[in-house]
1. For the structure I just gave you, tell me whether GLN161 is farther than 24 Å from GLY277 by Cβ and at pLDDT 95 or above.
2. Given ARG383, ARG344, which one is at pLDDT 95 or above and more than 23 Å from PHE235 (Cβ to Cβ)?
3. If only one of ARG367, ARG331 is assigned by TED's automatic domain parsing to the domain that holds MET292, more than 23 Å from the chain's Cα centre (by Cα) and in a helix (DSSP H, G or I), which one is it?
4. Of the residues that make up segment 270-281, is at least one surrounded by 13 or more Cβ atoms within 10 Å (Cβ to Cβ), of a type in the set (Val, Ile, Thr) and farther than 30 Å from ASP167 by Cα?
5. List the pairs whose first member sits in segment 144-166 and is surrounded by fewer than 23 Cβ atoms within 10 Å (Cβ to Cβ), whose second member is aromatic (Phe, Trp, Tyr) and not in a helix (DSSP H, G or I), and whose Cβ atoms are under 6 Å apart, counting only residues at least 6 apart or on separate chains?
6. Only residues that are at negative phi, in contact with a helix residue (DSSP H, G or I) (Cβ under 7 Å, 6 or more places away or on another chain) and of a type outside the set (Phe, Trp, Tyr): list them for segment 182-195, please.
7. Quick one: is ALA14 surrounded by 14 or more Cβ atoms within 10 Å (Cβ to Cβ), on the phi < 0 side of the Ramachandran plot, modelled with pLDDT of 95 or more and in a helix (DSSP H, G or I)?
8. Kindly indicate which of GLY329, GLY340 is small (Gly, Ala, Ser), touching an Asp or Glu at 6+ places or on another chain (Cβ under 6 Å) and crowded, with 23+ Cβ neighbours inside 10 Å.
Amino acid sequence: MPTDHSTTKPKSIALVVNQNEIFYRLRMPWVRLLKENGYKVYAVVASGAWNELISEGGAEYVEWKLSRSGRNPLNEVGSILGLTRILRRIKPDIVQNFHTKPNIYAPMAAKLAGVPVTVSTVTGLGYTFVERSGLGSKLGRRMNLGMYSFSNRLASEVAFQNPDDMDLLKANNGLSSTKGKMIPGGSGVDVSEYKPNTRNSPEALEIRRSLGIAPDVFVALFVGRLQLDKGLVEFVEAARQIKSRRKDIVFVMVGAPDPGNKRSVSEATLAQWKSEGDVVFTGRREDVPNLMAIANTVTAPTFYREGLPRTLLEAAASGLPLIGTDMPGVREAINDGVNGILIRTRDSSALAVAVEELADHPAKAERYGQASLARAINEFDHRRVIGEYLKMYEQLWDQRQAAIIQ
């Protein structure tokens with residue numbers, strides 16, 4: 001029998017995500033605010049170490065068997081059918097999905113399951129859409145565009161974190177002219193969790209001491225998954241260049257390899273970098289706000305097409321000047337010459353120059369940091385971002401109800 005979704009307002013929502021850890025780190029603020037607004041929230045995501053924390057945070061955890069990087073057609077069809085069965089069982093009024101595979105699979109499953117409203121959020125187009133030569137990359141882009149085109153027709157709406165991704169899909173028939181909504185601020189950030197202007201606090205100085213960093217040294221920080229297309233090689237090379245000529249700047253890399261990602265740094269390469277001693281490696285850390293507090297700048301030398309890098313939102317909330325590549329998404333966080341510096345992709349020398357510019361001009365760095373904090377408060381706060389989605393959900397729901405009545 002068809003599911004009855006005839007209520008005047010939507011009451012339940014399934015958040016569909018491809019990674020367990022990413023759900024916990026990025027979507028728990030959504031869970032809290034959705035619940036505040038009267039929604040029952042389902043967390044539909046692959047199983048992992050954060051299952052209990054997701055449930056304790058207020059979502060009903062539902063396991064979706066999905067391989068992040070798998071390409072076996074039978075397994076991928078199985079993932080779609082498995083998601084369809086989940087949605088038929090939990091009967092959400094709305095499905096909100098994030099990341100590439102959920103954005104392609106969830107609209108199909110939602111249509112098969114009779115879910116009234118589906119919203120896809122494009123959190124970046126990834127490495128496939130980075131301009132590269134070669135037949136393989138061209139075929140990969142064409143295949144992904146075809147899948148996006150099909151699934152985006154099924155979604156009620158498609159939201160974007162930067163205009164470049166929306167324009168690319170529209171220009172290549174991956175998105176119809178009637179769909180596409182730009183929502184600035186990425187996934188948002190809870191500015192209350194971060195600690196601007198606390199670099200000289202006892203807690204920050206203790207963290208520096210524990211990492212072997214002097215109190216007066218300028219710290220350039222990288223935070224993220226250790227995958228090569230995030231600009232890891234460029235970060236390490238920039239550190240090598242600067243360390244050869246001065247001792248008052250230290251590069252710190254926070255994160256761990258991502259075994260499920262084929263572009264993850266190898267353990268052998270990471271071991272070599274550690275042995276060279278040009279970068280301080282912390283490994284995985286759960287105290288990112290504290291690490292941001294010890295930094296003088298945060299860098300994002302990525303050449304991966306991200307929606308809007310979470311690291312830059314966190315750095316802005318920490319009141320830091322930003323350095324990043326002139327890439328879609330990064331440009332949404334960095335206003336060049338206002339709150340940070342944009343550099344060329346795959347250019348370690350440009351990264352080194354930008355770091356030295358901030359280290360040698362503290363007044364400029366301070367001005368950029370204040371502008372970053374203002375943007376975090378006024379543009380990136382998660383309540384503002386999620387509030388835009390809440391309005392979208394209700395508008396789409398009302399449109400559906402009106403169509404039923406007609």
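1. Spelling it out, GLN161 is indeed farther than 24 Å from GLY277 by Cβ and at pLDDT 95 or above.
2. ARG383
3. Working: ARG331 fails: more than 23 Å from the chain's Cα centre (by Cα).
Of ARG367, ARG331, the one residue that is assigned by TED's automatic domain parsing to the domain that holds MET292, more than 23 Å from the chain's Cα centre (by Cα) and in a helix (DSSP H, G or I) is ARG367.
4. Yes, segment 270-281 contains a residue that is surrounded by 13 or more Cβ atoms within 10 Å (Cβ to Cβ), of a type in the set (Val, Ile, Thr) and farther than 30 Å from ASP167 by Cα.
5. MET166/PHE160
6. Once the filter is applied, which keeps residues that are at negative phi, in contact with a helix residue (DSSP H, G or I) (Cβ under 7 Å, 6 or more places away or on another chain) and of a type outside the set (Phe, Trp, Tyr), segment 182-195 yields MET182, ILE183, PRO184, SER187, VAL189, ASP190, VAL191, GLU193, LYS195.
7. For ALA14, the condition - surrounded by 14 or more Cβ atoms within 10 Å (Cβ to Cβ), on the phi < 0 side of the Ramachandran plot, modelled with pLDDT of 95 or more and in a helix (DSSP H, G or I) - is not met.
8. After applying the criteria, what remains is GLY329.
The values are calculated or read from the model by the stated rules, or taken from the named source; none is laboratory data. Here the structure is a predicted model, which is why all the values come from computation and not from measurement. Cβ sites come from the backbone with ideal geometry, for glycine too, and all protein chains shown count toward neighbours.
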